[in-house]
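Asks: This is the structure I have questions about; it appears just below.
The values are calculated or read from the model by the stated rules, or taken from the named source; none is laboratory data. What you see is a predicted model; the values in this text were computed from it and never measured. Cβ atoms come from the backbone with ideal geometry, glycine included; neighbour counts cover every protein chain shown.
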2 protein chains.
Amino acid sequence: MSYYSPLLEKISSRKVRIGILGLGYVGLPLATLFARKGYTVLGLDKSPDKVQKIAQGESYISDVKSVELKGVVDSKAFSASVDFSRIAECEVLIICVPTPLDRFKKPDMSFIQDASSSIGKFMRPGTLVSLESTTYPTTTEEFMLPILEKESGLKHGQDFWVCFSPERVDPGNRQFHTENIPKVVGGLGEEAQELAKTLYGNAIDQICPVSSPRAAEMVKILENTYRLVNISLVNEMALLCGKMGINIWEVIEAAKTKPYGFQAFYPGPGIGGHCIPLDPFYLEHIARNFNFDLAMIHTAGHIDNMMPHRMMIKINTALNRQKKSLNGSRILFMGVAYKPDIDDERESPALKIIDEVVKKGAQAFYHDPFIPRICTHEGVTLENSALSDGLLETMDCVVFTTNHSVFDVDSIVKRARLVVDLRNAVKDPDEKVYKL
Amino acid sequence: MSYYSPLLEKISSRKVRIGILGLGYVGLPLATLFARKGYTVLGLDKSPDKVQKIAQGESYISDVKSVELKGVVDSKAFSASVDFSRIAECEVLIICVPTPLDRFKKPDMSFIQDASSSIGKFMRPGTLVSLESTTYPTTTEEFMLPILEKESGLKHGQDFWVCFSPERVDPGNRQFHTENIPKVVGGLGEEAQELAKTLYGNAIDQICPVSSPRAAEMVKILENTYRLVNISLVNEMALLCGKMGINIWEVIEAAKTKPYGFQAFYPGPGIGGHCIPLDPFYLEHIARNFNFDLAMIHTAGHIDNMMPHRMMIKINTALNRQKKSLNGSRILFMGVAYKPDIDDERESPALKIIDEVVKKGAQAFYHDPFIPRICTHEGVTLENSALSDGLLETMDCVVFTTNHSVFDVDSIVKRARLVVDLRNAVKDPDEKVYKL
């Protein structure tokens, strides 16, 4: 007897309990969405802090409003726990754990491994398992599925089903969020696909089915590889334009007037965040297993890697014109988040540039209203400096590393002795402003 | 006394005669457009054949309709000549000559050089010279201008003015053509800019001014470098997907559902035409002069270079499954134009694949309703084969190299023994169809 038909019926009529493993910037919005759409959702996370905040209806993810979270918590549609044995209560399990790289840029699969083991240990027959974490193609079938079968003793296609459905969250995007971003779904086999389509279709505006988990895995990586490659391309063009006396920003604005076949990317001090600097290297990793060398990703990674160093050189060049050295200079970095108007400094190029200038003997400060303190890769720890005339007066150089919209750029430039603008923040630069 | 004000007035009131050097896919549409807009246009080309066809109102460029050409020729708004001394009759001169690469992928600047020399020899004070040929940044100022000043003895900014305004022609594009594609204009100095804006503004819907010729030169190269890099990226992804059992076409369709931050490019046997395979290498050339290594372009070029060879291997693999060798096989290539529905086979990957299979002993045939005969880089000359049941029966393999919309793909596949589909032409492939 197969558990398929009863499970499909229960998913369709929203009578399943959905367990979501990992309550970060992907899991929390997804959990509140499913809860709003009539499902009962159990969030599972190792962090007692997150679980407690959820119990209090207090959101720690800027894309989820506390009032919305409180609504689904109060109605008991959503609760959270640190007790992973409660997986046994759920008929649907969705994995939203991180997939970072280790220090050698190798995929760190330990989070998916742990989540899969937990599910395998506790899940019962009649379960759908969906992986949303961005990872290399073949992960669902060849990494997650074997763990599930081994730990559970259950059989795929009879007792349980798996699919891959990539998260496409864009933190800070006010127009597009979990509910209205089309959801790519790749089930392993027709039954898994039907279960997954029914599940997500009950909560998300548009479902985009593909023929296999590995195709779905590749979709997400293609999207982010496209971004990595194009940001690296425009960064390289910006460096060349700097040497040739061409304003890259003007060039991009003009190129954008082409009514077809062009999409604008903007240069900056480097890529950041938890997707674009990481995802393509998941693909590079698995490609090696197929004896395949991904030259475009490799080159793009190379350009990105050198950006913080190049930006340090830019700052050095600007100081040099004022007959100052990096060594001993006081440098204020405006913005350390990896993109404007968000509170996330993961993989942020600003932190890497801070490491570079500190290594040369500079004293680094930063101002970012969204980020109270930072700790860099090299262990430099700094607290947010309040912006004041006094602070700006003591700085040898102000560097715009993130273009937060709250920055009063004109007023900062007016009071600064020297400005290095890596984000095209300054619209009418005078001679003390150096642009990327 | 400066010639500026009278020239501006004459351009503005359309009382200038415009000389257009080079009457190819850029110059001919531009000449007919200016003529339609009330200017008197003199086309100059070294080819007596083109000049004669124009005199007869017979268009040889598919984007220009003969009826339209005949209209402006009959009204005497447009005439053509092989006599470059007639440059002396013109107050505006526009250079639309080719900028190819030589066999060592170095810019062949001889056409711009010849055009500049001719203009320098014959132009009179009170002239605007606009370069439209895609070329590396600094060409207008540092290559063309010195030739003009030396040959003419005239002085820029007093006797004559120069600008760069990149052609953005997309052959075969029915929606966008010379008149409604925004025109980027970069004059050398404010007067040149004003003259150029006035000239093009009288004929083209939207003018996009940039601050210098070199910025305008970079705009065009950025646009096409973006395309080269993205086509190379997707081709590399396609090759990997082939190894991993993933359908790249399905992946791209799904990625396209992302409502922001993604633009779809499609894989194929390689890039072709007179822009994308060439323009980025103009930039690579000048970058060397600035001691700068353009890694993205270099890598993209590397991937593109290997595509014909990889496609030969695909064909070989398909034949091998039927226990056939390339040596002695008869292979029919469907389409040799570099893109669908046009009659241009310049730099077409199909020709390079033909060279590859012929080198291995295969006998190559092609069918392309738009191209009566071809001669490859390696000197293979072929005539278009009429498509018939008889022809298809004698072929060991049919390869879709260009997806002309007139092809009856289903019927061809039905009659073929073996199909290699490099363009996603076959929508429901059976076991005899091999896809990229």
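Asks: Of everything in segment A:288-300, what is polar (S, T, N, Q) and not in a loop (DSSP other than H, G, I, E, B)? Give them in sequence order.
Replies: A:Asn289, A:Thr299 - these are the residues of segment A:288-300 that are polar (S, T, N, Q) and not in a loop (DSSP other than H, G, I, E, B).
Asks: Now for a different question. Might you let me know whether segment B:62-82 holds any residue that is assigned by TED's automatic domain parsing to the domain that holds B:Ile11, within 21 Å of B:Gly120 (Cα to Cα) and in contact (Cβ under 8 Å) with a residue 60 or more places away in the chain?
Replies: No, there is no match, as no residue in segment B:62-82 is assigned by TED's automatic domain parsing to the domain that holds B:Ile11, within 21 Å of B:Gly120 (Cα to Cα) and in contact (Cβ under 8 Å) with a residue 60 or more places away in the chain.
Asks: Whether any residue in segment B:184-201 is of a type in the set (Val, Ile, Thr), within 14 Å of chain A (Cβ to nearest Cβ), in contact with a helix residue (DSSP H, G or I) (Cβ under 9 Å, 6 or more places away or on another chain) and not in a helix (DSSP H, G or I) is what I want to check.
Replies: So far as segment B:184-201 goes, yes, one or more of its residues are of a type in the set (Val, Ile, Thr), within 14 Å of chain A (Cβ to nearest Cβ), in contact with a helix residue (DSSP H, G or I) (Cβ under 9 Å, 6 or more places away or on another chain) and not in a helix (DSSP H, G or I).
Asks: Is there any pair with a first residue in segment A:149-161 that is farther than 22 Å from A:Lys197 by Cβ and a second that is among the charged types (D, E, K, R) whose Cβ atoms are under 6 Å apart and which are 6 or more apart or on different chains, and what are they?
Replies: Cβ pairs passing all conditions: A:Glu151/A:Lys121.
Asks: If we keep just the residues of segment A:232-264 that are closer than 30 Å to B:Lys243 by Cβ and either surrounded by fewer than 20 Cβ atoms within 10 Å (Cβ to Cβ) or touching a strand residue (DSSP E or B) at 6+ places or on another chain (Cβ under 8 Å) (or both), which is farthest from the other protein chains (Cβ to nearest Cβ)?
Replies: It comes out as A:Gly261.
Asks: Based on this model, can you work out whether A:Glu141 counts as under 23 Å from A:Phe265 (Cα atoms), of a type in the set (Asp, Glu), touching a Lys or Arg at 6+ places or on another chain (Cβ under 8 Å) and within 13 Å of chain B (Cβ to nearest Cβ)?
Replies: no
Asks: Sticking with this structure for a sec: Being part of a strand (DSSP E or B) and either more than 19 Å from A:Ala215 (Cα to Cα) or polar (S, T, N, Q) (or both) is the filter here, so list the residues in segment A:157-170 that pass it.
Replies: A:Phe160
Asks: Evaluate the following for A:Ser118: is it over 30 Å from A:Ser405 (Cβ atoms), away from chain B (no Cβ under 13 Å) and surrounded by 16 or more Cβ atoms within 10 Å (Cβ to Cβ)?
Replies: Considered against the rule, which asks whether it is over 30 Å from A:Ser405 (Cβ atoms), away from chain B (no Cβ under 13 Å) and surrounded by 16 or more Cβ atoms within 10 Å (Cβ to Cβ), A:Ser118 comes out as yes.
Asks: Another one. Among the residues of segment A:269-320 satisfying the criterion of being within 13 Å of chain B (Cβ to nearest Cβ) and of a type in the set (D, E, K, R), which is farthest from A:Asn424 (Cα to Cα)?
Replies: Here the residue is A:Arg288.
Asks: Cβ-Cβ under 9 Å, sequence separation 6+ or interchain: first residue in segment A:409-436 and touching a residue at least 12 places away in the same chain (Cβ under 8 Å), partner surrounded by fewer than 18 Cβ atoms within 10 Å (Cβ to Cβ) and among the polar types (S, T, N, Q). Which pairs?
Replies: A:Arg417/A:Gln322; A:Leu418/A:Gln322; A:Val420/A:Thr317; A:Lys432/A:Gln322; A:Tyr434/A:Thr317
Asks: Here is a further query. Which of the numbered conditions does B:Phe400 fail, given that it passes all the others? Conditions: (1) at pLDDT below 95; (2) out of contact with any His (no Cβ under 6 Å at 6 or more places or on another chain); (3) closer than 20 Å to B:Met312 by Cα.
Replies: Unmet for B:Phe400, out of (1) at pLDDT below 95; (2) out of contact with any His (no Cβ under 6 Å at 6 or more places or on another chain); (3) closer than 20 Å to B:Met312 by Cα: (1).
Asks: So the check is Cβ under 9 Å with 6+ separation or different chains; which pairs have a first residue in segment B:384-408 that's under 20 Å from B:Lys339 (Cβ atoms) and a second one that's crowded, with 20+ Cβ neighbours inside 10 Å and hydroxyl-bearing (Ser, Thr, Tyr)?
Replies: Note: pairs meeting the criteria are B:Asn384/B:Tyr366; B:Thr401/B:Ser348; B:Thr401/B:Tyr366; B:Thr402/B:Tyr338; B:Thr402/B:Ser348.
Asks: Kindly indicate which of B:Tyr260, B:Tyr282 is closer than 20 Å to B:Thr134 by Cβ and of a type in the set (Phe, Trp, Tyr).
Replies: After ruling out the rest, the residue left standing is B:Tyr282.
Asks: Same structure again: Taking the stated definitions as given, is B:Thr178 away from chain A (no Cβ under 12 Å) and part of a loop (DSSP other than H, G, I, E, B)?
Replies: Taking the combined requirement at face value, the residue satisfies it.
Asks: Considering only segment A:35-66, state which residues are hydrophobic (A, V, I, L, M, F, W, C) and either within 21 Å of the chain's Cα centre (by Cα) or over 18 Å from A:Gly19 (Cα atoms) (or both).
Replies: Listed by number, the residues that qualify are A:Leu44, A:Ile61, A:Val64.
Asks: Only one of A:His309, A:His285 is closer than 23 Å to A:Leu239 by Cβ and either in a helix (DSSP H, G or I) or not aliphatic (A, V, I, L, M) (or both); which?
Replies: Going through A:His309, A:His285 in turn, the sole match is A:His309.
Asks: Which one of these does B:Met218 not meet: (1) surrounded by 21 or more Cβ atoms within 10 Å (Cβ to Cβ); (2) among the aliphatic types (A, V, I, L, M); (3) more than 9 Å from chain A (Cβ to nearest Cβ)?
Replies: All conditions pass for B:Met218, except number (3).
Asks: Which numbered condition in (1) crowded, with 16+ Cβ neighbours inside 10 Å; (2) at negative phi is the only one that B:Asn327 fails?
Replies: All conditions are met except number (1).
Asks: Next question. Among the numbered criteria (1) outside the structural domain of A:Glu393 (by TED's automatic domain parsing); (2) farther than 30 Å from B:Leu228 by Cα; (3) not β-branched (Val, Ile, Thr), which single criterion is violated by A:Asp341?
Replies: (1)
Asks: It is to be established whether one or more residues within segment B:99-114 are at pLDDT 95 or above, surrounded by 15 or more Cβ atoms within 10 Å (Cβ to Cβ), within 20 Å of B:Glu194 (Cβ to Cβ) and assigned by TED's automatic domain parsing to the domain that holds B:Gln193.
Replies: Scanning segment B:99-114 turns up no residue that is at pLDDT 95 or above, surrounded by 15 or more Cβ atoms within 10 Å (Cβ to Cβ), within 20 Å of B:Glu194 (Cβ to Cβ) and assigned by TED's automatic domain parsing to the domain that holds B:Gln193.
Asks: I need a count of the residues in segment A:202-215 that are at the interface with chain B (Cβ under 9 Å from one of its Cβ atoms) and in contact with a Leu (Cβ under 8 Å, 6 or more places away or on another chain).
Replies: 1
Asks: Also, quick follow-up: Restricting the search to segment B:146-174, which residues are more than 26 Å from B:Met218 (Cβ to Cβ) and away from chain A (no Cβ under 14 Å)?
Replies: B:Glu151, B:Ser152, B:Gly153, B:Leu154, B:Lys155, B:Gln158, B:Asp159
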